[in-house]
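Everything on this sheet refers to the single structure shown next.
The values are calculated or read from the model by the stated rules, or taken from the named source; none is laboratory data. Being a predicted model, the structure only gives us computed values, none of them experimental. Cβ sites come from the backbone with ideal geometry, for glycine too, and all protein chains shown count toward neighbours. The accessibility values were calculated without ligands, DNA or RNA, using every heavy atom of the protein model including side chains. Shrake-Rupley method; radii C 1.70, N 1.55, O 1.52, S 1.80 Å.
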There are 2 protein chains.
Amino acid sequence: MLWLDGDLVAPSAARIDPADRGLLLGDGLFETMRAVAGRVPLLDRHLARLRAGAEELGIPVPYDDVAIAAASAAVLAADRLADAALRLTLTRGPGPRGLPPPPAPRPTLLLAAFPLPSPPLPARAILATVTRRNERSPLLRLKTLSYLDSLLALREAQGRGADEALLLNTAGRLACATTANLFLIEPDGRLATPPPSEGVLPGITRGLIIELADELGVACVEEPLPPARLRSAAGTFLTGSLAGIRPLLAVDDWTVGAGEPHPLALRLQAAWRTRLGIA
Amino acid sequence: MLWLDGDLVAPSAARIDPADRGLLLGDGLFETMRAVAGRVPLLDRHLARLRAGAEELGIPVPYDDVAIAAASAAVLAADRLADAALRLTLTRGPGPRGLPPPPAPRPTLLLAAFPLPSPPLPARAILATVTRRNERSPLLRLKTLSYLDSLLALREAQGRGADEALLLNTAGRLACATTANLFLIEPDGRLATPPPSEGVLPGITRGLIIELADELGVACVEEPLPPARLRSAAGTFLTGSLAGIRPLLAVDDWTVGAGEPHPLALRLQAAWRTRLGIA
């Protein structure tokens with residue numbers, strides 16, 4: 001079942017208006033969230049990010065957090081899912097032809113639950129050559145509906161026999177993976193990750209991992225990272241809302257660190273599971 | 001009436017699947033075309049561009065040109081529109097959750113007609129500061145569903161009392177307007193416009209204007225254009241499929257040329273009208 005604009009409906013009965021600006025112009029935002037035992041432990045953080053992005057784009061959010069939490073619970077219950085992936089999509093809704101938005105938008109809010117994908121294996125990545133992240137656009141720091149650059153990079157990775165792609169920004173520095181943030185583990189044991197100003201989404205799990213590392217006494221530096229930093233790293237991992245941490249073992253023909261998941265990545269993964277209440 | 005995946009349907013009955021990747025990931029392309037007297041004079045060029053983009057993205061186009069031409073005629077007839085704007089939208093169709101596309105996509109093809117907007121007045125533009133075009137992504141040369149950067153620039157223009165925005169690329173050179181290509185008229189009477197490699201859509205009207213200029217004995221140079229070239233230009237205009245040519249009279253606080261539509265822009269507009277059969 002889907003939750004669409006206030007109603008729980010069967011997918012076959014759920015209708016998106018062909019004039020929806022989310023479809024026609026990419027005029028919207030989304031969140032992908034992890035449900036654990038029928039709850040969404042980080043819902044408040046996801047909704048805060050969604051509201052900040054919607055404010056920046058001038059899209060009203062037509063439901064309060066309590067209503068969206070109830071909708072999440074209703075979708076999970078209807079689908080008999082406890083541990084699941086939840087996708088929340090917000091668009092500006094239907095509008096007249098053309099770029100200028102309607103003065104009184106009727107936004108679309110869609111919520112759907114999916115079985116949790118299997119935990120991913122540690123990844124072998126490429127540095128994508130097909131495209132670059134645009135750190136000069138504020139949209140790269142929002143979770144908008146535009147994922148074609150990531151799709152191009154993922155296709156390049158698969159064509160080159162890899163699982164994932166790391167994207168550079170237009171300045172040639174490390175940004176992120178196709179749907180995940182990137183962390184390096186330095187030889188001195190600290191963490192490093194690019195700041196949002198590098199064309200990087202401020203991921204919810206990225207932010208949580210920085211906090212959990214701090215609780216473990218591990219500092220994290222947010223700084224621009226040239227690709228050569230991969231060669232001096234002791235380890236590297238990706239972060240995302242569904243899998244938490246995914247170790248990265250190699251990039252192009254370079255084996256990162258010892259070529260196996262770094263002990264700090266495993267400690268942080270355990271801390272993330274505990275924090276979310278994953279058994 | 002809309003034409004959706006083979007059927008002519010009323011807008012209230014037309015249903016886009018909430019799992020459509022066009023909505024969820026911006027995974028699709030579109031064309032905006034001008035209909036004249038119930039026909040679409042440049043349909044072949046629009047469909048050639050659509051097919052080239054779909055090939056690059058790996059999206060099958062489920063109908064041949066004859067079928068799409070018949071669908072265009074059917075939509076125009078059903079709406080009793082002769083001179084109109086036609087929007088053709090192609091998406092990869094519904095898919096499972098996540099970025100990887102389904103192995104056997106069922107693309108969505110949507111065609112809708114709209115009354116033609118009033119011919120726009122000559123424009124006063126700003127140089128957008130809020131965002132930049134990413135000439136390092138191949139997607140900027142395709143007409144994808146992602147128009148949020150253009151929307152940000154248009155909002156900035158309106159907030160600063162202008163009609164339009166010119167976008168720079170990440171290298172700081174002139175790219176295009178929010179939904180139109182940009183041409184400069186040089187003091188020696190030649191035309192200049194940025195090439196697609198500058199992060200510019202190869203517009204159908206852009207291409208036609210280059211041909212029509214050639215027929216008038218006017219050369220057009222495709223070359224990177226620093227913003228300072230606006231100050232030395234004798235005139236400048238925008239091109240798009242609905243309006244043809246729209247003169248640009250000022251950019252920021254700079255009056256371009258004589259501050260009125262350049263005679264060459266008016267000659268090219270007349271040639272464009274003749275070529276499309278506009279009375």
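Whose amide H sits under 5 Å from the amide H of B:Cys176, counting only residues 5 or more places off or on another chain, with H placed in the peptide plane?
Amide H to amide H, under 5 Å and 5 or more residues apart or across chains, B:Cys176 pairs with B:Leu167.
How far is it, in nm, from the label point at A:Arg15 to the one at B:Thr255 when both lie 7 Å from their Cα along the line to the Cβ?
Here the modelled spin labels are 5.4 nm apart.
Ordered shortest first, which distances in nm separate the 7 Å Cα→C-beta label point of B:Gly38 from those of the other copies?
Shortest to longest, the spacings are 6.3 nm.
Taking amide hydrogens as modeled 1.01 Å from N in the peptide plane, which residues meet the under 5 Å criterion relative to B:Cys220, leaving out close sequence neighbours?
Under 5 Å from the amide H of B:Cys220: B:Leu191.
If amide H atoms are built 1.01 Å from N in the plane of the peptide, which residues on other chains or at least 5 residues away come under 5 Å of the amide H of A:Ala162?
Distant-sequence amide H within range of A:Ala162: zero hits.
Arrange the peptides B:25-34, A:217-226, B:140-149 so that the one whose residues have, on average, the most other Cβ atoms within 10 Å appears first. Provide the component values of the computation, followed by the final result.
Working: B:25-34: 25.0, A:217-226: 14.8, B:140-149: 23.0.
Order by mean packing, descending: B:25-34, B:140-149, A:217-226.
Taking a label point 7 Å out from Cα toward Cβ, give me the nm distances from A:Gly277 to the same spot in the other copies, shortest first, one decimal.
Copy-to-copy label distances for A:Gly277: 6.6 nm.
From Cα pairs below 8 angstrom and at least 6 apart in sequence, can you work out the relative contact order of chain B, rounded to a whole percent?
On the way: 556 pairs, mean separation 47.4, N = 279.
It rounds to 17 percent for chain B.
Across peptide B:151-158, what mean number of C-beta atoms from other chains lies inside 10 Å of a residue's C-beta? Kindly include the intermediate steps, with their values, before the conclusion.
Values: counts 11, 6, 1, 3, 5, 0, 0, 1.
For this peptide, the per-residue mean of nearby foreign Cβ atoms is 3.
Using a 1.4 Å probe on the protein heavy atoms, what percent of the accessible area of the range A:110-269 belongs to carbon and sulfur?
The C+S portion of the solvent-accessible surface of the range A:110-269 is 53 percent.
Which value, in Å², gives the accessible area per residue of the range B:220-279 when a 1.4 Å probe is used on the protein heavy atoms?
On the way: 2690 Å² over 60 residues.
Dividing the accessible area of the range B:220-279 by its residue count gives 45 Å².
Could you run the Karplus curve 6.51 cos²θ - 1.76 cosθ + 1.60 with θ = phi - 60° over the range B:201-212 and give me ³J(HN,Hα) per residue in whole Hz, x for Gly and Pro?
5, x, x, 5, 6, 3, x, 5, 5, 4, 5, 5
About the Cα centre of the protein assembly as shown, how large is the charge dipole given +1 on each Lys and Arg Cβ and -1 on each Asp and Glu Cβ? Please answer in debye to the nearest 20. Write down the numbers at each step before the final one.
Details: 58 positive and 58 negative charges, 35 e Å.
In debye, rounded to 20, the protein assembly as shown gives about 160.
If you average over every viewing direction, what projected area does the convex hull of the Cα atoms of the protein assembly as shown give, in nm²? All intermediate terms of the calculation are to be shown ahead of the outcome.
Numbers: hull surface 101.1 nm².
Hull-based average projected area comes out at 25.3 nm².
Within 10 Å of each Cβ in B:130-136, how many Cβ atoms from other chains are there, averaged over the peptide? Before the final figure, lay out each step's value.
Working: counts 4, 6, 5, 3, 12, 3, 11.
Neighbouring Cβ atoms belonging to other protein chains average 6 per residue here.
Between copies, how close do the A:Ala228 label points come, placed 7 Å along Cα→Cβ, listed in nm from shortest?
From this label point to the equivalent ones elsewhere in the assembly: 3.2 nm.
Any idea of the total accessible area buried by the B-A contact, 1.4 Å probe, rounded to 100 Å²? Mind dumping the intermediate values first?
Working: alone 12980 and 12980 Å², together 21490 Å².
Summing both sides, the interface buries roughly 4500 Å².
Report the label-to-label distance for A:Arg80 and A:Asp214 in nanometres (one decimal), using points 7 Å from each Cα along the Cα→Cβ vector.
A separation of 4.3 nm, rounded to one decimal place.
Say the dipole of the range A:1-143 comes from +1 at the beta carbon of Lys and Arg and -1 at that of Asp and Glu; which of A:Thr89, A:Ala70, A:Val9 then lies farthest toward its positive end?
It is A:Thr89, whose Cα lies furthest towards the positive end.
Show me A:193-203, B:13-23, B:94-104 ranked by packing, highest mean number of other Cβ atoms within 10 Å first. Don't skip to the end; give the middle numbers.
Values: A:193-203: 19.7, B:13-23: 22.5, B:94-104: 14.6.
Ranked from most to least packed, the peptides come out as B:13-23, A:193-203, B:94-104.
Would you please put A:50-59, A:231-240 in order of how densely packed they are, using the mean number of other Cβ atoms within 10 angstrom per residue and starting with the highest? Don't jump to the answer; show the numbers that get you there.
On the way: A:50-59: 17.4, A:231-240: 21.5.
Ranking the peptides A:50-59, A:231-240 by packing returns A:231-240, A:50-59.
For peptide B:91-97, how many partner chain Cβ atoms fall within 10 Å of a residue's Cβ, on average? Please list the in-between numbers first.
Numbers: counts 1, 1, 0, 1, 0, 2, 10.
Neighbouring Cβ atoms belonging to other protein chains average 2 per residue here.
Whole Å is fine, so just give me how far the alpha carbon centre of the range B:256-279 lies from that of the range A:46-89.
For the range B:256-279 versus the range A:46-89, the Cα centre distance is 50 Å.
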